[in-house]
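Down below is the structure, laid out as structure tokens.
Throughout, read-outs are computed from the coordinates displayed, never taken from laboratory work. Not measured: the values here are computed from a predicted model. A quick note on method: Cβ atoms are made from the backbone with ideal geometry, for glycine too, and the neighbour counts reach across all protein chains shown.
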Amino acid sequence: NAGVTQTPKFQVLKTGQSMTLQCAQDMNHEYMSWYRQDPGMGLRLIHYSVGAGITDQGEVPNGYNVSRSTTEDFPLRLLSAAPSQTSVYFCASSALALQETQYFGPGTRLLVL
Amino acid sequence: AQSVAQPEDQVNVAEGNPLTVKCTYSVSGNPYLFWYVQYPNRGLQFLLKYITGDNLVKGSYGFEAEFNKSQTSFHLKKPSALVSDSALYFCAVNVTGAGNNRKLIWGLGTSLAVNP
């Protein structure tokens, strides 16, 4: 199993540009989520999904869109990038039960100029 | 409000000495408790979890954690630290939130530095 994969590893954008961060998992996990990690702020949940066709907002959803058309994929879209979105983004997946372990991707480092 | 606290931003310990990384929580109901580790420029990796049963939980890389219900704590421990244990450690608590939705609450992380 590849686990959770994320692409790209690193991206530089100009303010106002859009892009999609890709996330895929091959463990047949129902639950997938996107976090951003910023110094001193820990992990903050952006969006999550409990299954194909179902998504919901986390703590910091503004400026981001998600969709879940398949169990495997959970892309994160930045509609109009802003410098405040400079961060490291992590995708995670798990089985749906509360006691299940989260599996994280390697992260995407995004710089918005 | 439900929360997880890691009271120390940084912990420094000499190689070979025991280490403790602290975590306390304030949640309703019976939580499920987790520790994750993040090595530089990597994603988070699962270390161990407490669901039920024995209060002392053993995990990866020789780490263990003790669940203390009365003190609402879940401190991470290792008897003998290695330089390779230097990393960022996150405590997390999984609870059922509003509308019966699951919710994972994260601490802000503790940076562990093990000195040779």
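For the protein assembly as shown, the convex hull spanned by the alpha carbon atoms encloses 127 Å³ per residue. Counted over the protein assembly as shown, the DSSP beta bridges are approximately 90% antiparallel.
With a cut-off of 8 Å between alpha carbons and a minimum separation of six or more residues, what is the relative contact order of chain A in percent? All intermediate terms of the calculation are to be shown ahead of the outcome.
Working: 300 pairs, mean separation 40.0, N = 113.
Once normalised by length, the contact order is 35 percent.
Over 5 Å intervals from 0, what percent of Cα-Cα pairs in region A:36-82 sits in each interval? Cα pair-distance distribution for region A:36-82, in percent: 5, 21, 26, 24, 16, 7, 2. Since only B:ALA14, B:SER28, B:VAL4 are under comparison, the one whose Cα sits farthest along the positive direction of the charge dipole of chain B, derived from C-beta charges on Lys, Arg, Asp and Glu, is B:SER28.
Using the Karplus relation 6.51 cos²θ - 1.76 cosθ + 1.60 with θ = phi - 60°, the per-residue 3J(HN,Hα) values for region B:104-111 come to 10, 9, 10, x, 7, x, 10, 8 Hz, with x marking Gly and Pro.
Summary of the geometry: region A:59-90 and region B:36-106, compared by the centres of their Cα atoms, lie 27 Å apart. For B:LYS69, a cut-off of 29 angstrom between C-alpha atoms picks up these lysines, skipping any fewer than 8 places away in its own chain: B:LYS22, B:LYS49, B:LYS58, B:LYS77, B:LYS78, B:LYS103.
In this structure, B:SER80 and A:THR7 have a Cβ-Cβ separation that, at R0 = 45 Å, corresponds to a calculated FRET efficiency of about 0.70. Taking only the alpha carbons of chain A, we obtain Rg and Dmax values of 13.2, 40 Å in that order.
Take the Cα of B:GLN2, go 7 Å toward its beta carbon, and the backbone nitrogen atoms of region B:17-56 under 12 Å from that spot belong to B:26-33. With loop membership from DSSP and a limit of 15 other Cβ atoms within 10 Å, the longest segment of chain A without trypsin sites (Lys or Arg not before Pro) is A:15-113.
Charge dipole (Cα centre; +1 on Lys/Arg Cβ, -1 on Asp/Glu Cβ; no other charges) of chain B amounts to roughly 340 debye. For the protein assembly as shown, a crude dipole built from +1 on the beta carbon of Lys and Arg and -1 on the beta carbon of Asp and Glu, taken about the Cα centre, is about 300 debye to the nearest 20. Between A:THR15 and B:GLN10, the simple label model (points 7 Å from Cα in the Cβ direction) yields a spacing of 3.3 nm. Were the residues from A:MET41 through A:ALA97 laid out at 0.36 nm apart, the gain over their Cα-Cα distance would be 17.5 nm.
Taking N as the number of residues in region B:57-116, what value does Rg over Cα atoms divided by 2.2 N^0.38 Å take? Don't skip to the answer; put the middle values down first.
Details: Rg = 14.3 Å, N = 60, 2.2 N^0.38 = 10.4 Å.
The reported ratio for this selection is 1.37.
Under conditions of 10 °C and 1.306 mPa s, chain B yields 110 µm² s⁻¹ as its translational diffusion coefficient, taking Rh as the Kirkwood radius over Cα pairs in the Stokes-Einstein equation. How fast does region A:3-49 diffuse by Stokes-Einstein, in µm²/s, taking the Kirkwood radius from C-alpha pairs at 4 °C and 1.567 mPa s? Value of D from the Cα-based Kirkwood radius: 101 µm²/s. Computed over all pairs of different Cα atoms, the Kirkwood value for the hydrodynamic radius of region A:52-111 is 13.2 Å.
Based on Cβ point charges of +1 for Lys and Arg and -1 for Asp and Glu, what charge dipole magnitude is obtained for region A:1-86 about its Cα centre, in debye rounded to the nearest 20?
On the way: 6 positive and 7 negative charges, 73 e Å.
That gives region A:1-86 a dipole magnitude of about 340 debye.
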